[in-house]
1. Of the conditions (1) polar (S, T, N, Q); (2) loosely packed, with under 15 Cβ neighbours inside 10 Å; (3) touching a residue at least 60 places away in the same chain (Cβ under 8 Å), residue 277 fails just one. Which one is it?
2. Restricting to segment 301-322, and then to whatever is charged (D, E, K, R) and in a helix (DSSP H, G or I), can you tell me which residue is surrounded by the fewest Cβ atoms within 10 Å (Cβ to Cβ)?
3. State which residue is modelled with the lowest pLDDT when the search covers only segment 166-184 and only residues that are acidic (Asp, Glu) and open to solvent by 20 Å² or more (accessible area, probe 1.4 Å).
4. Tell me yes or no: at least one residue of segment 282-297 is free of Cβ contacts under 8 Å to residues at least 40 places away in the same chain, assigned to a helix (DSSP H, G or I) and of a type in the set (A, V, I, L, M, F, W, C).
5. Which of the residues that make up segment 57-105 are open to solvent by 30 Å² or more (accessible area, probe 1.4 Å), touching a Phe, Trp or Tyr at 6+ places or on another chain (Cβ under 6 Å) and either outside any strand (DSSP E or B) or under 19 Å from residue 218 (Cα atoms) (or both)?
6. Go through the residues of segment 232-241 one by one and say whether even a single one is among the aliphatic types (A, V, I, L, M) and within 30 Å of residue 104 (Cβ to Cβ).
7. Suppose we keep only residues that are of a type in the set (Gly, Ala, Ser) and part of a helix (DSSP H, G or I) within segment 185-232. Which one would you say is most open to solvent (accessible area, probe 1.4 Å)?
8. Name the single residue that is most open to solvent (accessible area, probe 1.4 Å) among those in segment 106-124 being part of a loop (DSSP other than H, G, I, E, B), at negative phi and of a type outside the set (D, E, K, R).
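The values are calculated or read from the model by the stated rules, or taken from the named source; none is laboratory data. Quick caveat, the model's predicted, so the values are computed rather than measured. Because the Cβ atoms are built from the backbone with ideal geometry, glycine has one as well, and the counts that use them run over all protein chains shown. Only protein heavy atoms, including side chains, enter the accessible area calculation; ligands, DNA and RNA are left aside. Shrake-Rupley method; radii C 1.70, N 1.55, O 1.52, S 1.80 Å.
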Amino acid sequence: MIDKIELRLPRVTVLRPLVREFIAESRHFEYSARAMISGRYEWVTNLRPVGIDALLHYSLKRKENDPHEGESKLELLDTGTKGYSDLVAQVEETVEYSADDLDIMRIDLCADMYGVPVEWFLGRLRVRFKRIAHEYGIPKYQRIGKAGIQTVSAGRRPNIVRVYDKVAECKDQLRKLQRKRSRDADELTLDREFGISETAVITRVERQFGGLRIPQEIDCFGRLSRLPEFNPFTNIEICNGTGANTPTIPECGLDTWLSGSRLHQLQAEMGQQQFLSWLSTNSAGNAARYRKRYADFLQPEGNDLLTTETIFQTYRESVIKQLAA
């Protein structure tokens, strides 16, 4: 699924008359929902009042040796709920420019894994070539009151892998919608607003590309048709177990059992990605040797619910459906 997309508008791009008029009018509404101050751009305009689900970031501010100075950015909103034809319409209702020729500045591609909790990924997920891994507890969705890890991420923006609780995110959005709901409006529910039940377990696996890391295969809007054959999760590894039982003291000796048990405990607390980084740092780069020696203790617990191929196929099915709409 395409969950988010941002497009670069060249300096010569001509805005549609309706958008030009709306922007001219909106400039008088600074600090409102229509026009906002931006750090990198001259201003940001919300185009929803004219029926376009997008934010227009107008004219990149002057910066020394920046070849993109003066260019604008079109940030399409609620992309995951729209088909390809809707996305094209949003772009071409904004600019007098072929959508296919616009470069992509950021794209988020994701797969929703049903019935697999975030905690399952914590002990199994490894992201290659990422030196930084963060495990966030529940700060972002703390009001939900659910214990445990809600988000696992690796990398830095604008290039990052995220695994997060999609139901928790929807509940957080629902609360915001309820605060804006009028007293006479119907009661809002997860099922009505997002099409999911209160008891659903959905973990979203997301790969964000941005900046200079946009893959050449999908670097412009006209190449989105290639998405079904493009695998955004090639740097993700899922470490499933072998089914072996944890050794006992008579089988391996007290010293090995104590060391292996402690490493197992640390892996469970930190998660796979952070544990491997910690092990490499504290073993003078000999993490592979320790992993081999204590392999029987470091097998993930629980059932093997999916593989990286499962994630890719789930993503592929959703993006094919999205592009056909």
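1. The number of the failed condition is (2).
2. Once the filter is applied, the top-ranked residue is 309.
3. 184
4. Yes - at least one qualifying residue is present in segment 282-297.
5. Of everything in segment 57-105, just one residue is open to solvent by 30 Å² or more (accessible area, probe 1.4 Å), touching a Phe, Trp or Tyr at 6+ places or on another chain (Cβ under 6 Å) and either outside any strand (DSSP E or B) or under 19 Å from residue 218 (Cα atoms) (or both), namely 100.
6. Yes, some residue in segment 232-241 is among the aliphatic types (A, V, I, L, M) and within 30 Å of residue 104 (Cβ to Cβ).
7. Checking each candidate, the answer is 225.
8. So the residue we want is 117.
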